[in-house]
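Enquirer: Okay, here's the structure, questions in a sec.
The values are calculated or read from the model by the stated rules, or taken from the named source; none is laboratory data. Only a predicted model underlies this, so the values are computations on that prediction, with no experimental measurement involved. Neighbour counts are summed over all protein chains in view; Cβ atoms, including those assigned to glycine, are modelled from backbone coordinates with ideal geometry. Protein only, heavy atoms only, side chains kept; ligands, DNA and RNA dropped before computing areas. Shrake-Rupley method; radii C 1.70, N 1.55, O 1.52, S 1.80 Å.
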Amino acid sequence: MVTIVTHPLVQHKLTVMRDRTTNSALFRVTLREVSFLIAYEVMKDLKLGRREIETPLETGTFPSLEGRRLCFVSILRAGAGLLNGMLDLVPDARVGHIGLYRDHATLEPVQYYLKLPDAMGECEAIVVDPMLATGNSAIAAVDLLKKAGAGRIKYMCLLAAPEGVAAFEAAHPDTPIFTAAIDRELNEKGYILPGLGDAGDRIFGTV
Ligand code: URA
């Protein structure tokens, strides 16, 4: 299942990020802001516990999130651009990193790093990567999480290609996707059109 977050603020911020004249500083700030807004949708069904606290006037039991039950899994390197905003929202969440790069010839993902929390089985995992392009990295990341025992998994991105969505849904029909838009198509190099270019390069200024 794909959820497209159509909120006007998200769509406006996505346009800012698409604009080639947007520099890395503005790109990063805008990605952080948009991550809050997409996260609002991604996390809307989170289970809340209850916590007893004292207000200045009374004692009571109130809704409370157990951040440690969440694990944000960032696909290096562009995932970092979404991860920071997610951690602003849920500072107690656990964090995993998966290092995958795309072999430019085959467009297949090559794993070079993996560090996941031990208690993956107790967590709801939210995988973050701004671009769902061919879907190969996303599929590989969710394969790794399932192998590590993750139960509930969601996939959060900023922009997706129809080809990537189809491949991901075929491989992991149980994992919902959240995105701000599904663009027209991939080009022969696996870039999303019209897209926003290479998200990692735009975030880190490596162009
Ligand atoms: N990764 C990117 O950063 N951009 C694309 O368009 C596709 C994959």
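Enquirer: Given +1 on the Cβ of Lys and Arg, -1 on the Cβ of Asp and Glu, and no further charges, what dipole in debye does the chain carry about its Cα centre, rounded to the nearest 20?
Expert: 220
Enquirer: For a quick protection proxy, order the peptides 116-123, 103-110 by their average other-Cβ count within 10 Å, most packed first.
Expert: Highest mean packing first, the order is 116-123, 103-110.
Enquirer: Right, something else. For the stretch 1-118, taking Cα atoms only, what is the radius of gyration to one decimal and the Dmax to the nearest whole Å?
Expert: Just the Cα atoms of the stretch 1-118 yield Rg and Dmax of 18.0, 65 Å.
Enquirer: Now for a separate question. Where both residues lie in the chain, what percent of DSSP beta bridges are antiparallel, nearest 5?
Expert: Of all bridge pairs located within the chain, approximately 35 percent are antiparallel.
Enquirer: Further question on the same structure: If you plug each phi of the stretch 188-198 into the Karplus form 6.51 cos²θ - 1.76 cosθ + 1.60 with θ = phi - 60°, what whole-Hz ³J(HN,Hα) values come out, in order, with x for Gly and Pro?
Expert: 5, 9, x, 8, 7, 10, x, x, 9, x, 7
Enquirer: Ok, one more. Name the residue from 168, 137, 150 whose Cα lies farthest towards the positive end of the charge dipole of the stretch 132-177, charges +1 on Cβ of Lys and Arg and -1 on Cβ of Asp and Glu.
Expert: Towards the positive end, the residue furthest out is 150.
Enquirer: Taking the chain as a whole, which cysteines find no other cysteine Cβ under 4.7 angstrom from their Cβ?
Expert: 157
Enquirer: Say R0 is 25 Å: what FRET efficiency, to the nearest 0.05, do residue 87 and residue 169 get from their beta-carbon distance?
Expert: For residue 87 and residue 169, the calculated efficiency is 0.35.
Enquirer: Explain nothing, just the number: relative contact order of the stretch 39-182, from Cα pairs under 8 Å at least 6 residues apart, as a whole percent.
Expert: 19
Enquirer: Across all directions of projection, what mean area in square nanometres is found for the Cα convex hull of the chain?
Expert: 12.6
Enquirer: Under 21 Å between alpha carbons, and skipping anything fewer than 8 positions from residue 154 in its own chain: which lysines qualify?
Expert: Straight-distance partners of residue 154: 44, 47, 115, 146.
Enquirer: To continue, here is another question. Helix by helix through the chain, keep the DSSP H runs that span 20 Å or more along the axis on Cα and average at least -0.5 on Kyte-Doolittle, and give those back in order.
Expert: Span-like helices, by this rule, are 24-42.
Enquirer: Turning to a different aspect of this structure: Can you list residues from other chains, or at least 5 along the same chain, whose modelled amide H is less than 5 Å from the amide H of residue 178?
Expert: Residues meeting the criterion, in which the H sits 1.01 Å from N, are 3, 155, 156, 157.
Enquirer: If you roll a 1.4 angstrom probe over the protein chains with everything in place, what fraction of the accessible area of the stretch 8-138 belongs to carbon and sulfur, to the nearest %?
Expert: Looking at the stretch 8-138 in its full context, I get 52 percent from C and S.
Enquirer: Right, here's the next one. I'd like to check one number: the per residue accessible area of the chain, probe 1.4 Å, reported in Å² as a whole number.
Expert: Per-residue accessible area for the chain comes out at 51 Å².
Enquirer: With a sphere of radius 11 Å drawn around the Cβ of residue 135, what net charge do the other residues whose Cβ falls strictly inside it have (Lys, Arg +1; Asp, Glu -1)?
Expert: -3
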